[in-house]
Structure formats: C-alpha cells, structure tokens
Amino acid sequence: MPATDYQGTSSAPFANIGRSIMSLRRDQVHVHSMEGSHDGAGHEVELEAFQKQVADMFQSLLAAAASASANDELLSLSWIRKLLDSFLSCQEEFRVLLYNKSQLLRPPMDRLIADFNERSVKALDVCNAIRDGIEQIRQWEKLLEIVLCALDNKNQRALGEGQFRRAKKALVDLAIGMLDDKDSGQTLANRNRSFGRNKDHHHRSVGHFRSLSWSVSRSWSAARQLQSIGSNLAAPRTNDIVASNGFAVPVYTMGSVLLFVMWTLVAAIPCQDRGLQVHFNIPRHFAWAAPLNTLHERILEESKKRERKNACGLLKEIYQMEKCSRLLSELADSVQFPLTEEKEVEVRQRVKELAQVCETIKEGLDPLERQVREVFHRIVRGRTEGLDSLGRGHNPE
Amino acid sequence: MEKSLDPETSGSFNRKKDDESSTPRPDAHAEELSPELRSSFAQIMEDVDRFVETLSSVTEKSSFPEIPDCVKSLLKIIESLISKYDALTRFGQNQEEDASFFGSMNRVSKLVNNLGEFPSGSSNSSFNRASSVLHRAVCLLDDEFHVLLENSKRSSNPDHKSPMPSKQSSFNHNQELDQSVASQPETVTEDEFPSFTKESIANMNRITKSMIFAGYELECCLIYSAFRGKAFENELDKLGYENISTDDVQKMQWEPLEKEIASWINIVKRCLTNLFPGERKLCHSIFSDYPSIAERLFVDLATALIMRFLNFADAIALTKRSAEKLFKILDVYETLRDMLATINDLPVEDLEAEITIAQRRVGESAVSIFCELENSIRSDNGKTPVAGGAVHPLTRYTMNYLKYACEYKDTLEQVFQLHPRKNISYSNQLKVQEEPKTMEHSESSEFSIQVRMVMDLLDANLAMKSNLYKDPSLRYIFLMNNGRYIVQKLKGSAEIYEILGEAWYRKRSSELRRYHKNYQRETWSKVLQVLNHEGLQVNGKVLKPILKERFKSFNSLFDEIHKTQSAWILSDEQLQSELRVSISSVVIPAYRSFLGRFKQFLAPGRQTEKYVKYQPEDIEGLIEDLFDGNRVSMAKRKN
C-alpha cells in the first residue's frame, strides 16, 4: 500500500524550530503526557506550538478589535482580512503538522480527519456564498459612485437640481438593495419612480442586481450550513487523545477555528439566509477558548444592537455606507433649488464623508475577495491531498 | 475622451423639413411644439451650438455667464418631447422625432457639462433647470433602455409580434413598407441568442450613446449588466442549469452526478461557443462607439458566469476518487481546456488563473484515479483460481479500462505531463525508470510509462494467479487465455498498440507460443511416449503384455485428459481451434501409426475390442471436445 511507504519519514519537514519552547505553557496544553510516543518527542513540541499559535491569533484579533480606541475595528474590512490571514496561516501550520503522519491512517485519527474534511468541504460553500455577498457590496459601491459622480466629490462643479435627482435615484436604489432579502423592496421600488411614465413595466431597481443564489443553490442556507459545519464538533475525549498521540487536539482546534471564521464571515457579509445561531462550547483549558469566546460574544452583541438588527451584514463599512447614504438622502430631500451656499457646503461635507467610505470599500473589497478565494483554494488543497494520500489507506480493495 | 463624442448633433436634422408629413402622430396627446419653435428648430440648435462653443472658450469661470434665449427654447423643446415620449410614444416609431429628441438632448448635455464648470452655477436657476431637464431626459432613456433590454424576442412570448419594424434604417421613413419587407428574413435568426431585433439594438445604441454623453455612463453600465446578468440566468434556467452546492456534490451518488456532469459540460460548451460570442457581439453593437466599455461589460459578465461554472468543476475534483469516474472527469478537463482557449483573447488574468487552478485540480484528480488502477491490480490477490483456466475478470477489467482510457489518449498524455502524479511509491518509480534501458521506449510519455506500469503489474499479478493452479497444463491454459485476451485487445485498439509498441506486442506473441509449447509438452508428451514404437519388440518379436499395457495406458491417459480438459476453457475460438489442430496433428498420426503397426498383434474380436478402445477418427472427435468448459456433454459421452 503506497501510503505506508511514508512511515519512516513521518516527522514534519518544516517543524517550527524557531519557536521558543520555553514560552510554551504546558499546563494549558492537553497533550503533554505523550512522552516517548511513536513519533518521537518532536511532535509534542509541534502540537503545543500549534495551540499557542491559535491562541496568539485570537488574542491579536481581539486586540485589533479593541485597540483603536476611537474606532472599533471589530468587523471592519481590515479586521476581516486580518481574520482570514490568520486563518490561512493556521491552516498552513495545521497542514504541516499533519503532513505524512502515520497516525492519520489509524483509528481514531482516520475518523477525526474524515470529520474534519467534511466540515471543510462545507466551508467551501460558505466561501462561494460570501463571494456573492462581496459582489453585492460591490454593486452597492457602484451606486455610491453614481452619487459621488452626481454630487461632484471632486468639488469642482456646480450642483443643480438634476444632479440631486440623479443622486437620489441612486440612493433609493441603494436603499432597496440593502434591504434584507426577507423584506420586500416593493414600496421603495414604487417610490423610486421619480418620473411618471406609466408604461407596462415596473421600474426595476438595479440595487437588486444579482441574486444571492448566483453561486449556491436556491435552497441553500448559510445558517444551516454553519450548523452543519459545527455539528458534532466536540473536544476530543481523553482516550482519543491518547490513541492519536495527541493529534486529535489540533484537529479539534482547527475545526473550531474553521467554524468561527465561517461564522464571522456570515455575520459580516450579506449572504443567503444568514443566521448566527451557532454555539461554541470550547473547554476553557484551551488557551484560545477565552479570546474566541469573547470575540463571539462581541459579534453577537453587535448583531443585537438596534440599528444593526435588520442589517444584511455586520461589516462595519456596510453600516457606514448605510448611515452616510441615509444622511445624505435626508439632506437631499431637504434642499431647495437653486441651492443656497450654506446648503452647498453641508452637502459637500456629506459627500466627502461618503467618498471616504466608498474609498475604504473600494480598496478593501478586492483583496478581501482574493483572500476568500485563497481560503477556498487552501481548503481544497488540504482536501485533495487527503484524497490522494489518505484515501488510498482507506481503500482496502 | 469618449465623452467628447457628440453622437447626434448633425445628420437627420437637416432632413426634417422634407418630411413634415409623417408627424404629428394621432396618439401623441402630449403638448405639441408651437409652430414658431418648430420652424425655428434648426436655428435654435445652431444658436445653442454657438453658445456652447463660446462657453468652452471661457477661461475665467468665476462669474456665471448670461444665458441666451435659445437655451430656454431648447429646454422647452426637449421638455415637450420628453412629455410626449413619457406618454406613449416609443423610440423607433418616428425617426424624425427621435432625431429631434437625441439632438436636443445632446445639446443639453453639452450645456450642462459646460455650465457646470462655473461653480456659481449651483445657485443659478437656468443651470438648475437645464440639469433637471437633462436628468428627466436620461430617466426617460433609462426607462426605455430597461424596456428594450427586457423585451428581447427570446424572453417574450413566441407568438407575440414585435410592434416595432424589425429593421432599423434611420433614413427610411416609410415604416409600413419597411416592416413588411424586412420582417420575413428576420425570423430565420430568431432563435439566436440574444435575439434582439436590429431595430431594438439600434435604439439601445442611441440610448446608451446619449446617456454616456450626458455623463451617465455608470447608470448605463449598471442597467446593462443587471439585465444581461438576469438574461443569462434565465437562459441557464432554460438549459436546465442549477447550482449544486459543493457539499451536495460530495453526497451525490455517481449515477445522478454523472448526469449532472454531462449537463454541465453541455451548458458550458453552449456558453462558450454560442452564448458568449452572441453576448459579446451584442455588447459591441449596443456600445459600438465605446469598445472599451463594451469589452469590460462583456468580460465582467463572462467572468461571473465562468466563476460560477468553476464552482462545480472544483466540487467534482473533490469527490472520492474511483475508477469509473475517470472518463467523465476527463470530459470536464477537456471542457476547462476549451474554456481557457476561449477566453484566451480576453484581458482576464485572474479568471485565467482560476480556470487553470480548477483544471489542474481536475487533472490531478484524473491522474490519481488512473493510478488507482494500479492499486486495484495490486490488491487483487484472491486465492481462488478461475475455473477452467479462463480469462480472469481482472484482465478483462484492466484491458477494457485501458482501451477506454486510450480513447482519451491525447488528453491523458497532457494530463500526465502537466500534472505528474504525486505520492508515487518509490519501488514503482525505480522500476519505471529502469525500464527504458531494457526496452526501446526511451522517449516515452508519462502516460505511456503509466500504461506500461499497469501492464507489468497485470503480468505479475497473472503470473501469481497462474501459480494457484496445481496442474501445470492448466496453468499454461490460463496464461494462454489471458495472454491471448490481452493481445486481442491490443490488436483492437490502435492507441494502446501505439503506446505499448510493436516490440512489446511481438514479445507477447512469442510468450503465447511458448505457453502453447509448454502446454503440449506438459499434457501430450506422456501420451506420445506411450505411443512410441520403441521398446515393444525384442529380437523382432512383439511383446504382447507390454503392448497391451501400452494400449491400456494410452486409453486411460487419453480418457483422463479428455475428462479434465473438456472442462477447461479457451474462450478465444481461434485459439481453441489452433490448439485442437495442433494437438490432433501430433496425437492422431502417432496413434494411427501405432495402431497400424501393432493392432495386428492383438487377437481379433474380444481382445482387439478390449485394447483398441478408439479409432483415430474417435480421437479426432474427442479432441474437438477439449477446452469447451463443458462438463455435462463430457459426462454424457462417457456413458
């Protein structure tokens, strides 16, 4: 059997030699009693290093969310990108950690790995749905561009009634687009008809540009998918840890990281049938449990805030987009023409704010999409490697 | 740069006067232009043009310029036209009015654009009014664009007749004639995606031109992409395309999944060869003055669709590898290859990278599946020999699989070359590397190396299986059967023959001959020994007891052979008859000569009957029973 040919070379090629062993907090790590086990002493250090890496990652995400005192960075585009970066490096470490380990073919690891693989494949659908959500935000951003174009964010041109009407049309389209799927955009869509040309068609808001089920099936639900990723995700039992030489622990850890990252993406980005009812029951002795739980709570709190309750995504920039465009809408409704100088100054101020939001989104969205894609690719790679090497071990005939 | 084009400032206006008769239309209950405005239309346009020209030459923009009367007249004209179109009129029904509309609108665009450069315009009522009128005009076009995009012939009900003349000819004002003449040939291309009438495309072209000229490029593109995205979604719906989530693909049984793959391939191919070119053409016809916008719109749409298709390919590459999936997966691979070739001339690096990644994954999956064949051969080590030395199912399976695989030879060559197998076990690698030296295929492709490796494994496996037979003769029958099967398959497939080469084939054939000889020796040499004339005579006298013994031995040997070997199988008819012929040619002459020489020494009657059990003709008949795999007929014969 080809897979067994590797048994002799099972120590990972990229072991984290550089990591300070002294800094490992053995008392918090579950696997320290595996001395003299099959793969030698080296793997134990690696296992602990991985725990520490995950704990550090959540700590630093938590710090990033809270540090900027004036501006809470939690759920901002840059924070989400940091989250995905962290995920990618964890995933890589995890891969290296398990690379060519003979344990993987034996119970209970074969089962645990199979479970993990199933979870990660489910995460792929979340990635695809999130990509659609990003596309949706991009469409909103295009509507904002129209507003900026109409109301001259370059501050060089005169503003007439026509420009305001143009901006308002885009703002209404945006408001329709930003309504959650469940709400009906009908009333707004009717209001949107700025001019009576009652032909045989309804005005179609371009805000509803592309349905969210562009990539996933129509019945797909992010909420259900998250629950499915999290189902049976439980801390490994002692006998499994012993039988797996401790490797059951990183598998559980990575499963939890995966679930948290996917949950956060769904919380932040619009996608089909969002829902955040996922529970994280992580035993407190894991060093990463505390920061993960704190982040989880904070994001939940965010979702319960009054102004965010019906939001289609908790991404900070979506909220800013919503707020800025609402303020501008109200202002635009209040102006009289020709414009007075004071009003013009006020409008230009609001437009400037909007331009800033727009800029942040424009700059952050493409890299975010690439990252989501990268997460997708990495998960797939991990899975195919599993199919190539492990699959054979499982296949007796 | 594109904005500086003015699509309709000249042209059809000058013809207006010749054509007064085609207006006014009875259904236009909006206010008509006053005769003064009408007659001076050309003059007003000229004045506005001159005014705009002076505006653009002003360098000091601090104080807002004086607005001449011609501007007010222009705004009045266009407002009245807007009201008219707002009511019921459609573009394309009255060329002259359309021309007036677009001509005046484009002048308003220029006005607003130039006046906007004076910052104090914000508080100027003329600027205000002009911008507002321009926005109304754009909204009108926006609505019209929606309607036109929504009503392709494709999406409308099939017997619905388009109220518009099917052919756009901007200077032909006789609509009745136009319609009756041009609508017939049009139906031929009716089903072609995306199915807009020429007239509708021409209208959209004018609309987008004017919207972009008015500075509404963003809206124009947004509407276009929204509707075309929707149109594609409908088209895919019609073709039966459905998104299946990655998760569901993993859970699907192979049979339904196979159908999904086939349908995916069909739809992707249709997109690549039919829908995309149609869409691209449409983009370029509607945005003919803005090729870069057209290309961007098309690329965005195609990219979104292809990314969607790739989700499925990625999901397929993730399914559990198993042998029967190879061929469909290779189909997917080929489709992705076509996809890559199709987008070759588009500026889409990211997309190209994504397709390449998906293609690599599918390719690796194919390689890995093909290599599974080795494992299934290696792990096939049952201890029960096939009855009668017949062709082993493993031989059939392997050879048929290879034969089928070789129909994808070019693709497999490519797949193995681009995505060399990973995790190859070292012993195999070494074996493969040594081979070229001993044999003549030094320029072998990865794939042919792989095929040879499979053949070697099969050989080794068959050799092992042959040892399960205790009877050496049966062992050779088994080897002959399987060897013959392999050679026949080889002869039947030019591709495998080519891969394995003539030398390999010759080697096989000579092995087969060796098995044949070995069989003859194992089974029939004893018989021939019994029929040997030597040792029967001493001093010219035949030793009767020995002779009797010889006859008895022959009878029992032959009976035994007949009994066992009639149950053996040679499934290849030619091989069967070759072997029988060669047995007969050895055994019958020997028996005949033995009989002819020694029969006389037996007393006629009972003694002869007792020892001469068979006439040569009987022997011939009995040899015909061999290798039939038929125990029943043999049993009958015995009684």
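The values are calculated or read from the model by the stated rules, or taken from the named source; none is laboratory data. Note that the structure is a prediction, hence the values are computed from the model and not measured. Don't worry about glycine lacking a Cβ; one is built from the backbone with ideal geometry, like all the others, and counts go over all protein chains shown.
Here are a few things to note about the model shown:
- Residue in the range B:75-98 that is part of a helix (DSSP H, G or I), free of Cβ contacts under 8 Å to residues at least 24 places away in the same chain and within 11 Å of chain A (Cβ to nearest Cβ) present: no
- The one condition in (1) under 29 Å from A:Glu353 (Cβ atoms); (2) in contact (Cβ under 8 Å) with a residue 24 or more places away in the chain that A:Glu330 fails to fulfil: (2)
- Only one of the numbered conditions (1) under 46 Å from the mean Cα position of the chain (by Cα); (2) modelled with pLDDT under 90 is not met by B:Val542, and that is (1).
- Residue that is farthest from the chain's Cα centre (by Cα) [pool: residues in the range A:153-171 that are more than 7 Å from chain B (Cβ to nearest Cβ) and buried (at least 22 other Cβ atoms within 10 Å of the Cβ)]: A:Phe164
- Considering (1) modelled with pLDDT under 95; (2) over 23 Å from B:Ser445 (Cα atoms); (3) within 12 Å of chain A (Cβ to nearest Cβ), the lone condition that B:Ser365 does not fulfil carries the number (2).
- In the set (1) buried (at least 16 other Cβ atoms within 10 Å of the Cβ); (2) more than 18 Å from the chain's Cα centre (by Cα), the condition left unmet by B:Leu310 is number (2).
- Restricting B:Leu458, B:Leu479, B:Leu474, B:Leu468 to those that are more than 21 Å from B:Glu578 (Cβ to Cβ), in a helix (DSSP H, G or I) and modelled with pLDDT of 90 or more reduces the list to B:Leu458.
- Qualifying residue in the range B:327-334 (condition: of a type outside the set (A, V, I, L, M, F, W, C), surrounded by fewer than 20 Cβ atoms within 10 Å (Cβ to Cβ) and more than 22 Å from B:His419 (Cα to Cα)): no
- Count of residues meeting criterion [away from every other protein chain (no Cβ under 14 Å), surrounded by fewer than 18 Cβ atoms within 10 Å (Cβ to Cβ) and not charged (D, E, K, R)] in the range B:379-398: 2
- You will find that of B:Ser376, B:Ser288, B:Ser292, the residue that is of a type in the set (Gly, Ala, Ser) and within 13 Å of chain A (Cβ to nearest Cβ) is B:Ser376 and no other.
This table checks each residue for (1) among the small types (Gly, Ala, Ser); (2) not in a loop (DSSP other than H, G, I, E, B).
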site	(1), (2)
A:Pro270	no, no
A:Arg284	no, no
A:Ala287	yes, no
A:Glu297	no, yes
A:Glu307	no, yes
A:Asn310	no, no
A:Gly313	yes, no
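- Whichever residue in the range A:321-364 is hydroxyl-bearing (Ser, Thr, Tyr) and out of contact with any Asp or Glu (no Cβ under 8 Å at 6 or more places or on another chain) and, among such residues, is surrounded by the fewest Cβ atoms within 10 Å (Cβ to Cβ): A:Ser334
- Flag for B:Asp345 being surrounded by fewer than 23 Cβ atoms within 10 Å (Cβ to Cβ), of a type in the set (Asp, Glu) and at pLDDT 90 or above: no
- Per-region count, the range B:211-251, residues surrounded by fewer than 23 Cβ atoms within 10 Å (Cβ to Cβ), in contact with a Leu (Cβ under 7 Å, 6 or more places away or on another chain) and among the polar types (S, T, N, Q): 2
- Test: residue in the range B:122-129 that is closer than 24 Å to A:Gln156 by Cβ, in contact (Cβ under 8 Å) with a residue 60 or more places away in the chain and assigned to a loop (DSSP other than H, G, I, E, B): yes
- Condition check for A:Ile241: within 14 Å of another protein chain (Cβ to nearest Cβ), under 30 Å from A:Arg111 (Cα atoms), in a helix (DSSP H, G or I) and at pLDDT 60 or above: no
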